[in-house]
Every structure is written in C-alpha cells, then in structure tokens.
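Q: Right, I'll just put the structure down here and ask away after.
The values are calculated or read from the model by the stated rules, or taken from the named source; none is laboratory data. Worth saying up front: this structure is predicted, and the values here are computed from it rather than measured. Quick reminder, even Gly has a Cβ in these numbers, built from the backbone with ideal geometry, and neighbours come from all protein chains shown. With ligands, DNA and RNA removed, areas are computed over all heavy atoms of the protein, side chains included. Shrake-Rupley method; radii C 1.70, N 1.55, O 1.52, S 1.80 Å.
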Amino acid sequence: MPARTARFVGRTLRDEWYGIVVDPVRQLRRRGPAALSLALVACAGVIFFHAIAQHRTGAAVVRLLGGVQGDLPLWLALLRTPVSLYVPALDLPVWAGITQLFLAFALAELALGRRRTLLIAYASTLAGTLTVRVMMAMGPGWWGLGLPPEIGQVLDTGPSAAVVGLFTYLSVVRRAPVVFTLTGGSMVFESIAKPNLAGREHLIAVAAAIVLGLLHERARRRRQAATNAQDTTSA
C-alpha cells in the first residue's frame, strides 16, 4: 500500500509538472515571445494605471474609468469592470503582485490560448462583482453571508480575482492538485485570517473557476467519447 501510494503521488506530481510548467515552456519555445503578449499587456496596464493614479487628476480619471463599487448602477459597474482588472488596489503594493499577474496570464495564455484566458479572467472578476451585490441585497446576517450597505462604498478594483481564477482553472483542467491547494487553500486561509471584501471575492473567483473548469472537462470528455464512437462506427 505505501509503495502504491508513493507511485500514485509520483505520477500525479510528474503530470502536474509537465502540465503546468513543461508544456507551457514548450509552447513558448515554439511560438516565441509573441505568445506572452497578453501577459505583457496586462502587466503594462497595471503599471500604467498605477503610475497615473499617483497624481490627483490621474487618480480621478482612473476612478472614472475603472473604479467599481457595489453601490454603482449595474450598467456602469459592468462597463467599468474590464478596466478595473488593470487598476491596482491603492492600499496594496503594486509591484508585489506584478510577478503573480505575469505568471498567471503567461501560463494561461500558453496553455489555454488568449481567448479562453481572457474569458476566465473576466468571468472570475465579474463573478465576484455580481455576487457582492447579491450579498449586499441580502443584508447583514444570513449566517455571515450577507453584507452591510456600507460595503457598497468600498472601491473594488485589481486583477487579484482574475489571477486567482486563472490559477484555479489551470489546476482543474491540467489536474494540478498542488497548484489548486496553494491557490484555493491560501484563499480560504486569507478569508478566515482577514475577513474582508477581497477575501470573499477571491473565494467566489475560486468557485467560479472550478465550475468553468469542470464544465470544460465534461465537454471535452463528451467530444472525445463522440469521436471514439465515430471511429468505431467507421471501422
């Protein structure tokens, strides 16, 4: 039994290493630096908005373009949400998150492609934004799920939900339990140790990415089964 468990763990770690690291590196060597364009644009966008937000006029412009709050009209929040991904939270060190941002978008872009990377990043962020509105509508209580109205005045920006969502989605579709534990586990610990709006949105991003990853795997298995059935019929 211990030997069988050790072999299982070894195969799992090997497959995770190839799925999360080796395969993206091969894609980078095959496609060249252009394969990282989305990751570079994301980092450049965060740096740009951080730089102009250091001045009073620039901060006002950034807030008008990408400042999302729970008490905004829904149409305006949806309009600003894509820009809000590139607006760093002003109370957090922007440079500390650039590495995570680049790594998440780079690995996802290499492993998933640009279109799916953008879809997962946006869906993870949007899921948090919309769920917070539901929690505010519930009001305080509801076994700790509801939120008070004043949360609607908290500025809700930054790419962290997208980063968490991308890492989680990758760990699901590439069957990477270590990455999943580091991502999802750290978010659970964060929400317990420091319960705040960001912690809740990160948990929502994890949940949304898990659902999207499982749906993708289900669709993939169906396509594979259909292809195998067609091959068997042709034979």
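Q: Against the longest principal axis of the chain, how steep is helix 56-66, in degrees 0 to 90 to the nearest 10, with axes from Cα atoms?
A: 50
Q: For every helix of n ≥ 4 consecutive DSSP H residues, a contribution of -39,500 (n - 2.57) applies; sum these over the chain, divide by its total residues, and give [θ] at 222 nm rounded to the nearest 500 deg cm²/dmol. Write down the numbers at each step before the final one.
A: On the way: 11 runs with 171 residues, N = 235.
That calculation yields -24000 deg cm²/dmol at 222 nm.
Q: Please tell me the relative contact order of the chain in percent, rounded to the nearest whole number, where contacts are Cα pairs under 8 Å and at least six residues apart.
A: Dividing the mean separation by the residue count of the chain yields 23 percent.
Q: Between the helical axis of 114-138 and the dominant principal axis of the chain, each derived from Cα atoms, what acute angle in degrees is found, rounded to the nearest 10?
A: Here the helix axis deviates by roughly 50 degrees.
Q: Please find the FRET efficiency linking residue 4 to residue 119, where r is the Cβ-Cβ separation and R0 is fixed at 35 Å, and quote it to the nearest 0.05.
A: On the way: r = 39 Å, r/R0 = 1.11.
Rounded to the nearest 0.05, the efficiency is 0.35.
Q: Using only Cα atoms and rounding to the nearest 10 degrees, what angle (0 to 90) does helix 160-173 make with the longest principal axis of the chain?
A: It works out to around 10 degrees.
Q: At a 1.4 Å probe radius, carbon and sulfur cover how many percent of the accessible area of the chain?
A: On the way: 9290 of 13630 Å².
Carbon-and-sulfur percentage of accessible area, whole number: 68.
Q: Same structure again: What are the radius of gyration and Dmax of the chain, computed over its Cα atoms and given in Å?
A: 19.9, 71
Q: Highest mean first, how do 110-122, 161-173 rank when packing is the count of other Cβ atoms within 10 Å averaged over residues? Before the final figure, lay out each step's value.
A: Values: 110-122: 18.6, 161-173: 27.4.
Ranked from most to least packed, the peptides come out as 161-173, 110-122.
Q: Considering Cα pairs under 8 angstrom that are at least six residues apart, work out the relative contact order of the stretch 40-89 and quote it in whole percent.
A: Values: 38 pairs, mean separation 22.2, N = 50.
So the answer I get is 44 percent.
Q: Among 112, 55, 132, which residue has its Cα positioned farthest towards the positive end of the charge dipole of the stretch 40-181, with +1 placed on the Cβ of Lys and Arg, -1 on the Cβ of Asp and Glu, and the dipole taken about the Cα centre?
A: 112
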